[in-house]
Amino acid sequence: MVHAVTEFAIETKGLTRNFGSFCALDHLNLQIPSQCIFGLLGPNGAGKTTLIKMLTTLLAPSSGAATVAGFDVVSQPVEVRRRIGYVPQMLSADGALTAIENLTLSASLYGLRGAVRKQRIDDALQFSGLMAAADHLVKTYSGGMIRRLEIAQATLHQPEILVLDEPTIGLDPVARRTVWDRLKALKASTGMTILITTHDMEEADFLCDELAILHQGQLGVIGAPAMLKQQIGPEATLSDVFVAHSGVTLEEGGHYSDIRLTRGTAKRLG
Ligand SMILES: Nc1ncnc2c1ncn2[C@@H]1O[C@H](COP(=O)(O)OP(=O)(O)O)[C@@H](O)[C@H]1O
Ligand SMILES: [Mg+2]
C-alpha cells in the first residue's frame with residue numbers, strides 16, 4: 001500500500017461545516033501527530049461528530065480542507081477510507097449475529113479472505129477477550145463486550161488510523177475500563193493513531209496523550225493533559241482547563257437545542 005509522506009496523521013486547515021445559517025464547525029486548524037491517542041473533548045453540540053464525519057468522508061466540508069493519512073478527504077476519499085477504521089457513536093454491530101459472524105462480515109467488506117481472514121478474526125477475538133463468547137449472539141453481550149467487538153471489526157484491515165465517536169458513552173465504569181485498556185493495547189502493539197471524541201474528563205485524562213478542547217465549533221486549546229492542567233495551576237483538573245478555555249463548564253457548554261433534546265429525553269423517561 002502506498003503511504004503518503006506526512007508528519008501528521010490528520011491535519012485540517014480552515015475546516016468549516018455549516019448547516020443552513022448555523023456554523024457547526026468554524027475554520028478549524030488542527031494537527032494530530034501520528035501514533036498517539038488524541039482526544040477531542042467538548043460538550044454536546046460542540047461539533048465533534050460533525051468533524052469526525054468529515055474526516056471519515058461521510059460528510060462534505062462547507063469550506064476548508066483536511067488530510068487523513070496524507071490524503072485529501074474530498075478529492076481522495078477512497079484512499080482515506082482504506083486507511084481508517086471507524087467506530088460510530090451509534091451501535092454498529094449486529095445483535096442478531098454472533099461475534100464471529102459480525103467479524104466475518106466486516107472482514108469480507110475489507111476484501112479479506114481465506115486463511116488470512118481466519119487468522120485476523122482469531123487474533124481479534126483473542127485480543128478483545130471475546131474468544132469464549134465468540135459463538136454467542138451479540139444481543140446477549142454486555143455494552144463493554146459490544147464496544148470491544150466493534151473496535152475489533154473496525155481494525156481487521158489494520159488501519160493506520162482508528163476513529164471512535166464517544167466510545168464509552170453509556171458504559172459502566174468496569175466496562176469503560178476494558179475499552180480503555182483495549183485502546184491502549186492497540187496503540188502499544190500496532191502504533192496505530194487513535195482519535196476519540198468524548199465529553200468525559202476522566203476518559204480524556206486517562207487515555208489521551210494529547211487533547212483538543214472544542215467548544216461551539218471552535219478550537220479552545222490543544223496539548224497534553226498534564227501540560228494543560230499545569231498551565232492553570234497546581235491542583236487543576238481537566239474540568240478547570242475546560243472552564244478556563246471556554247468560559248463555561250462542560251455541562252453548561254451544550255447548545256440550547258441539545259439541552260432541549262436532553263430534557264425532552266429525560267421527560268420521556270420519566
Ligand atoms: N444534520 C444536521 N442538521 C442541522 N444541524 C446539525 C446537523 N448535524 C449537527 N447539527 C448541529 O451542529 C452542532 C454540532 O453537532 P455535533 O457535531 O453532533 O456535536 P457533538 O458531536 O459535539 O455533540 C449541534 O448544534 C447540532 O445540533
Ligand atoms: Mg457527537
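The numbers here are math on the coordinates, done by the rules we state, and not lab data. All values reported here derive from a predicted model rather than from experimental measurement. Ideal geometry is used to build each Cβ from the backbone, glycine not excepted, and the neighbour counts take in all protein chains shown.
Put in line by how crowded their Cβ is, counting other Cβ atoms within 10 Å and starting with the fewest, 192, 131 read 131, 192. When 127, 71 are sorted by how many other C-beta atoms sit within 10 angstrom of their C-beta, beginning with the fewest, the order is 127, 71.
Across the chain, Cα pairs under 8 Å and at least six residues apart give a relative contact order of 25 percent.
Starting from 0.36 nm per residue, how many nanometres of slack lie between residue 248 and residue 63 once their C-alpha separation is accounted for? Intermediate results must be reported in sequence, preceding the final value.
Values: separation 185, 0.36 × 185 = 66.60 nm, distance 2.80 nm.
Taking 0.36 nm per residue and subtracting the Cα distance, the gain is 63.8 nm.
When only alpha carbons are used to place a centre, the stretch 31-86 and the stretch 89-152 end up 25 Å from one another. Couplings 3J(HN,Hα) of the stretch 205-221, computed from phi: 5, 6, 9, 8, 6, 9, 9, 10, 9, 10, 9, 6, x, 10, 7, x, 7 Hz, in residue order, whole Hz [Karplus 6.51 cos²θ - 1.76 cosθ + 1.60, θ = phi - 60°; x for Gly and Pro]. Projected onto their three principal axes, the Cα atoms of the chain cover extents of 54, 49, 41 Å, largest first. Taking a span of 30 Å or more along the helix axis (Cα atoms) and a mean Kyte-Doolittle hydropathy of at least 0.0 as the rule, no DSSP H helix of the chain qualifies. If you take all other residues with their beta carbon under 11 Å from the beta carbon of residue 93, and give Lys and Arg +1 and Asp and Glu -1, the sum is 0. The residues 163, 243, 174, when put in order of fewest to most other Cβ atoms within 10 Å, stand as 174, 243, 163.
Within a Cβ distance under 14 Å of residue 190, other residues only, what is the Lys/Arg minus Asp/Glu net charge?
Computed value for this residue: +3.
Once you put a point 7 Å from the Cα of residue 89 and another 7 Å from the Cα of residue 123, both along the Cβ direction, what distance in nm separates them? My value for the distance between the label points is 3.2 nm.
From helices alone, the chain scores -12000 deg cm²/dmol at 222 nm; the rule is -39500 (n - 2.57) for each run of n ≥ 4 DSSP H residues, then divide by the residue total.
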